[in-house]
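Laboratory data are not the source of any read-out in this text; all were calculated from the coordinates shown. Just so it is clear, the model here is predicted, and its values are computed rather than measured. Positions of Cβ are backbone-derived with ideal geometry, glycine not excepted, and every protein chain shown enters the neighbour counts.
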């Protein structure tokens, strides 16, 4: 069971109150018409299937119904941080997988 | 390899079963092989077995980071069926079904394949339309199947509730008589024994930590037991496919999720078939020991820890209680999780990778066990001939670029 903290509501609740949204920080193409098939495949289907700390999206579906991001270790299920959409992750890219 | 028979049983009985030969050797890895198969699960061992048997390639190593049958092969709910909707999938799983039907004899190893039939229930009108369509499609592809009414289901499964009381009442089902269950560990052990007898080296406790490449071609793998060379590396590692692909600089359309299963305390014989429900999301069969073997859907989040959340257990039990009110006081004995690599179209990727000499067989998601023999058979062909067999040509990585997906999600009556 995961205990998740919504950064908008501020309280910690059971995972059944939330909906999973998969990998975070995938950018929607700015100019979709200019994309090749390969680039479309990368955007739509290809995923970073990280073993370790992973940035992912959750929706506070039984609370404020807003999307937010989290960093969770996919092996131990330990959450390192929760942060709002539009905010930068608290741990920089270079250290994302260290510990 | 000593052949198992009634005579070998008798001979070993009189010597107090102390002289059985080990089912496979535990050799030291050689410096180089023709083919390295990464992953000693059912699919990897089947690949090695068919490389030796069908293609005469015996200088093969199977590298397993843990022990044989300790991963998803020993963690599934053992259901075998081939009633998939789309032609590509139906033909691949049916190839597997045909191999299952002769597998115990071929391997001289009892995999306890029991063709007790598989029900896929429908709970609303659209479910029933889909079931009619799928059964018709199956029959056109030579896959057996019939549509059953609630009364016909009740005759086969007396403990099921077909009244209008449940929130999602049973309106009918598809039934595949040739479907059933098999002893999952025995499949891994049987293939391991068969491959070993043909000269394949099975190396356990040997984790691959890197894939060495030169000029865009594979030259071998770094392992916890040193470098092992090979011009062809075949990766069949289920949940860890993403980790291995990253070692070769390849991105895959896969996400790894925990998938849980359960067994109950042993009960007297209750029903002798397999019941699956996509709508309420649960499936159940009864093992020869009398335990109810229960499974459901994946946990929603990505994960590599071989366990899941209680929320999913609760959801599964609620679904089964609706279908089988009789189990309400049955206690669960064990629960476990495996890591499944799910693909956006719920179909596997079996083929060549952008790096020369690298082949991957992954993305089976929640439904890989049933495909073990066929998967190994087509993958061995792909590796040996350096091109896919016609049965797995459509299951390439390129389909995500071309858009030719094989969308079995929701189409196959599967609890994906």
field: Separation of the residue B:270 and residue B:12 label points, Cα + 7 Å toward Cβ, nm
entry: 3.3 nm
- prompt: How crowded by other chains is A:49-55, given as the mean number of beta carbons from other chains within 10 Å of each beta carbon?
  reply: 6
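Show me B:336-346, B:271-281, B:186-196, B:205-215 ranked by packing, highest mean number of other Cβ atoms within 10 Å first.
B:186-196, B:336-346, B:271-281, B:205-215
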- prompt: Which whole-percent values make up P(r) of the stretch B:278-319 when all C-alpha to C-alpha distances are grouped in 10 Å steps starting at zero?
  reply: 26, 47, 26, 2
query: What list do you get for A:66, A:72 if you sort them by fewest beta carbons within 10 Å?
result: A:66, A:72
query: Rounded to two decimals, what is Rg over Rh for chain B when you use alpha-carbon atoms and the Kirkwood radius?
result: 0.97
field: Calculated P(r) of the stretch B:99-155 - Cα pairs past 19 Å, %
entry: 47 percent
Mean separation of Cα contacts under 8 Å, 6 or more apart, over the residue count of the stretch B:199-324: relative contact order %: 18 percent
- request: For helix B:372-385, report the angle its Cα long axis makes with the longest principal axis of the Cα atoms of chain B; keep it between 0 and 90° and round to the nearest 10°.
  value: 30 degrees
query: Can you give me the Cα centroid spacing of the stretch B:100-173 and the stretch B:278-309 in angstrom?
result: 18 Å
For q = 0.18, 0.21, 0.27 Å⁻¹, Debye-computed log10 I/I(0) when each Cα of the stretch B:239-311 counts as one equal scatterer: -0.81, -0.93, -1.16
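Taking each pair of different alpha-carbon atoms in the stretch B:177-320 once, compute 1/r for the pair, average those values, and report the inverse of that mean as the Kirkwood hydrodynamic radius in Å to one decimal.
Working: mean 1/r = 0.0533 Å⁻¹.
Hydrodynamic radius (Kirkwood, Cα pairs) of the stretch B:177-320 is 18.8 Å.
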- prompt: Between B:369, B:400, B:119, which gets the highest mean-square fluctuation from a Gaussian network model of chain B, Cα cutoff 10 Å?
  reply: B:400
- prompt: How far is it, in nm, from the label point at residue B:19 to the one at residue B:163 when both lie 7 Å from their Cα along the line to the Cβ?
  reply: 6.3 nm
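If you wrap a convex hull around the C-alpha atoms of the stretch B:307-416 and split its volume per residue, what is the figure in Å³?
Details: hull volume 16.0 nm³, N = 110.
With only Cα atoms used, the stretch B:307-416 gives 146 Å³ per residue.
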message: On C-alpha positions alone, give me the angle between the axis of helix B:184-197 and the longest principal axis of chain B, in degrees, nearest 10.
response: 20 degrees
query: Does the stretch B:334-381 classify as rounded, prolate or oblate by the C-alpha gyration tensor (a ≥ b ≥ c root eigenvalues; a/c under 1.5 gives rounded; else a/b over b/c gives prolate, otherwise oblate)?
result: prolate
message: Binning at 5 angstrom from zero up to the longest distance, how are the C-alpha pair distances of chain A distributed in percent?
response: 2, 12, 22, 21, 18, 13, 7, 4, 1
- prompt: If R0 is 22 Å, what FRET efficiency do you get for residue B:54 and residue B:101 from their C-beta distance, rounded to 0.05?
  reply: 0.80
message: With every atom except the alpha carbons ignored, what do you get for Rg and Dmax of the stretch B:297-337, in angstroms?
response: 11.8, 35
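Note down the relative contact order for chain B as a percent, whole number, built from C-alpha pairs under 8 angstrom at least six residues apart.
Values: 976 pairs, mean separation 94.5, N = 416.
Averaging sequence separation for qualifying contacts and normalising by length gives 23 percent for chain B.
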query: Which one of B:219, B:78, B:382 has the biggest mean-square fluctuation once chain B is modelled by GNM with Cα springs under 10 Å?
result: B:219
- prompt: Does the stretch B:68-205 classify as rounded, prolate or oblate by the C-alpha gyration tensor (a ≥ b ≥ c root eigenvalues; a/c under 1.5 gives rounded; else a/b over b/c gives prolate, otherwise oblate)?
  reply: prolate
field: Per principal axis, descending, Cα span of the protein assembly as shown in whole Å
entry: 72, 65, 46
task: Using only alpha carbon pairs under 8 Å that are at least six residues apart, calculate the relative contact order of chain A and give it in whole percent.
output: 26 percent
message: For a quick check: sort A:39, A:56 by the number of other beta carbons within 10 angstrom, fewest at the front.
response: A:39, A:56
Considering only the protein assembly as shown, percent of DSSP beta bridges that pair antiparallel, nearest 5: 75 percent
Spin-label model distance (nm) - residue A:40 vs residue B:246, 7 Å beyond Cα toward Cβ: 2.9 nm
- line: Most packed first (mean Cβ within 10 Å per residue), the peptides B:85-98, A:24-37 order as B:85-98, A:24-37
message: Can you tell me the orientation of helix B:42-55 relative to chain B, as the angle in degrees between its alpha-carbon axis and the longest Cα principal axis, to the nearest 10?
response: 60 degrees
task: Round to a whole angstrom and tell me the spacing of the C-alpha centers of the stretch B:5-81 and the stretch B:334-395.
output: 19 Å
message: Quick check on the stretch B:248-376: take the gyration tensor over C-alpha atoms, sort the square-rooted eigenvalues as a ≥ b ≥ c, and tell me if it's rounded (a/c under 1.5), prolate or oblate.
response: prolate
query: From a point 7 Å beyond the Cα of residue A:88 in the direction of its Cβ, which residues of the stretch A:8-29 have a backbone N at a distance under 20 Å?
result: A:24-28
message: If each residue of separation counts as 0.36 nm, what is the full-extension length gain between residue B:332 and residue B:140 once their alpha-carbon separation is subtracted?
response: 65.1 nm
statement: Within 10 Å of the Cβ of an average residue in B:342-351, the count of other chain Cβ atoms is 1
field: Residue order, fewest to most beta carbons within 10 Å, for A:67, B:20, B:100
entry: B:20, A:67, B:100
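How shielded is B:296-304 by partner chains, expressed as the average number of their Cβ atoms within 10 Å of its Cβ atoms?
Counting Cβ atoms of other protein chains within 10 Å of each residue's Cβ and averaging gives 6.
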